[in-house]
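Colleague: Below: one structure in structure tokens.
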Amino acid sequence: MADEYIDKDEPQIYGPHAARKILHVLGGMEAIYHPLARHLAAQICLETAAVKVAVDGSRMVKTTLRQGVVTKVPAMMAGRTVLRRFSKHLDGHAEGAIDRTQFFGDGGKYANIGRSAPKILTALQHIAGALKKKGSGVADAAGWQAQIEQAAGDLEPGLTQTQDAQIERSQMTPAVVRARERWLQVYGAAKLIVEGVLRLHGKTDLLPKIFYDLAVPSGARVTEAPKDEITQGAPT
């Protein structure tokens, strides 16, 4: 039985384990195999490190995304509250004194804004700009402008952080896929090469001890390498 699917995290277990065992086993054979052992081990370690960089980068982006959401949600709710209060403030003016469409678009209703963070931010920025114009007719226009600009300023950083992280995450995912596929290619090639050497020496029973995925039940989730070690000397 073998691990038929090696996920993005398992190279960090299988890779270093295989590199160490290749050095031990091939290092205990004829000197002709020593450079080969070093080369295969180095290639596996190189690609294993590349997978870690890609995966860690992807996880860092996810953390940034979560932080952006934590920042964004309270600011979004506060922005909606300010817009709702401003709408009620307009209701307090004499009938026909205010053209509500200049603030809330066609129909002039608060409900037209929508509930998403980008729409709320757009509405805040639009209304702040409209309040700057002369002749808006809004009582205490400057005071409301300050409140609305503050709400927009509070919401924008969290929203921008979330959007940037989403874009970067969509770009990072292919990087993880490519790094994993490259690792599988190098790991699989090393497996075939080492198997050939072991067959020449009648030691194919060592193959699962070198490439631990061959000893793992199919579908198992591997979290650490086995404790046993092959003690044949590594090349000098």
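Bear in mind that the values in this text are calculations on the coordinates, not laboratory data. Given the structure is predicted, the values throughout are model-derived calculations rather than measurements. Cβ atoms come from the backbone with ideal geometry, glycine included; neighbour counts cover every protein chain shown.
Colleague: Provide the net charge surrounding SER87, with neighbours chosen by a C-beta distance below 10 Å and charges set as Lys +1, Arg +1, Asp -1, Glu -1. Could you put the intermediate results ahead of the total?
Modeller: Values: positive: ARG84, ARG85, LYS88, ARG100, LYS109; negative: ASP91.
Local charge sum for SER87: +4.
Colleague: Check the straight Cα-Cα distances from LYS203 and name the lysines below 26 Å, setting aside those fewer than 8 residues away within the same chain.
Modeller: LYS21, LYS191, LYS227
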